[in-house]
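Engineer: Before I ask anything, let me first share the structure, which is written out below as structure tokens.
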Amino acid sequence: MKKWILPLLAAALLTAGCGALHETSAERQAREAREARMVTDNIEAGNFTISIDRMYPLRGTSKSVTSYSVRVKDGQLDSHLPYVGRAWKVPYGGGHALNFEAQVGSYTVNKVRDGYEVVLYVKTDEDEHLYQFTIFDNGRTSLDVQSGNRERISYSGMMDFYSE
């Protein structure tokens with residue numbers, strides 16, 4: 001009989017602890033409203049960071065990636081993105097692709113159903129780039145990058161709320 005007490009006690013504690021992990025409806029709504037407010041504040045200020053977790057080349061399959069990001073701050077774009085695709089006119093050795101820091105030429109924000117569309121135009125010494133972000137109220141982001149000398153590529157990621 002004593003050998004059943006310990007597993008029974010562990011099961012009871014585990015079951016009791018699981019109830020504390022569930023978020024109530026009011027807590028979920030408050031969290032979602034807080035996230036939507038942070039997204040709106042960051043976009044309107046023109047200061048945000050997107051941590052990239054997946055890339056979608058025009059050809060081939062998507063791939064999980066880590067340690068890549070795009071940051072917009074004070075009219076500057078810091079792009080640190082992997083690139084896979086065809087290039088038509090690039091410097092010998094491939095150039096810097098989507099790894100650069102440059103001034104933003106234009107910054108346009110449009111409110112959409114569940115978030116925002118942010119469009120940036122950037123010109124570097126090597127190419128011209130159009131960054132199109134779709135940032136949802138929960139911080140989830142899709143990014144489409146079009147370059148003059150390279151194939152289009154897309155990414156997905158999450159807004160970093162605490163990077164500023």
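Any read-out appearing in this document is the output of simple, stated calculations on the displayed coordinates, not a laboratory observation. Because the structure is a prediction, the values reported are computed rather than measured. Here the Cβ positions follow ideal geometry from the backbone for every residue, glycine too, while neighbour counts run over all protein chains shown.
Engineer: Length gain on complete extension for the stretch S67 to K123, per 0.36 nm per residue less the alpha carbon to alpha carbon distance? Before the final figure, lay out the partial values.
Structural biologist: Details: separation 56, 0.36 × 56 = 20.16 nm, distance 2.41 nm.
Contour length minus Cα-Cα distance gives 17.8 nm.
Engineer: Also: At 222 nm, what value in deg cm²/dmol follows for the chain if DSSP H runs of at least 4 each add -39500 (n - 2.57) and the sum is divided by all its residues, to the nearest 500?
Structural biologist: Calculated mean residue ellipticity at 222 nm is -7500 deg cm²/dmol.
Engineer: Quick one: compute the contact order of the chain, relative version, from alpha carbon pairs under 8 angstrom and 6+ residues apart, as a percent. Don't skip to the end; give the middle numbers.
Structural biologist: Details: 300 pairs, mean separation 37.0, N = 164.
RCO, the chain: 23 percent.
Engineer: Given a 10 angstrom Cα cut-off, can you work out which residue in T124, T49, T134 is the most mobile in a GNM of the chain?
Structural biologist: Largest GNM mean-square fluctuation: T124.
Engineer: With angles folded into 0 to 90 degrees, how steeply does helix 25-45 sit against the dominant principal axis of the chain? Use alpha carbons for both and round to 10.
Structural biologist: 20
Engineer: While we're on this one: Find the eigenvalues of the gyration tensor of the Cα atoms of the range 47-164, then list the square roots of 5 times those eigenvalues as equivalent ellipsoid semi-axes, largest first, in whole angstrom. If you can, show how the numbers build up before the last one.
Structural biologist: On the way: eigenvalues 98, 55, 34 Å².
Whole-Å semi-axes of the equivalent ellipsoid: 22, 17, 13.
Engineer: Exposed loop sites here are trypsin sites (Lys or Arg not before Pro) in DSSP loop states with at most 16 other C-beta atoms within 10 Å. What is the longest stretch of the chain lacking them?
Structural biologist: 1-58
Engineer: Oh, and also: Give me I43, I50, I5 ranked fewest to most by other Cβ atoms within 10 Å of their Cβ, as a rough exposure proxy.
Structural biologist: Starting with the residue having the fewest Cβ neighbours, the order is I5, I43, I50.
Engineer: Quick check: the angle from helix 5-19's long axis to the longest principal axis of the chain, C-alpha only, nearest 10 degrees?
Structural biologist: Taking Cα atoms only, the helix is inclined about 50 degrees.
Engineer: Tell me, Kirkwood radius of the range 32-91 from alpha-carbon pair distances, in Å?
Structural biologist: That comes to 13.8 Å for the range 32-91.
Engineer: Pick out which of G60, G85, G115 has the largest mean-square fluctuation in a Gaussian network model of the chain, springs linking Cα atoms closer than 10 Å.
Structural biologist: Among G60, G85, G115, the largest GNM mean-square fluctuation belongs to G60.
Engineer: Taking springs between alpha-carbon atoms closer than 10 angstrom, which of S64, S79, S142 fluctuates most in the Gaussian network model of the chain?
Structural biologist: S64
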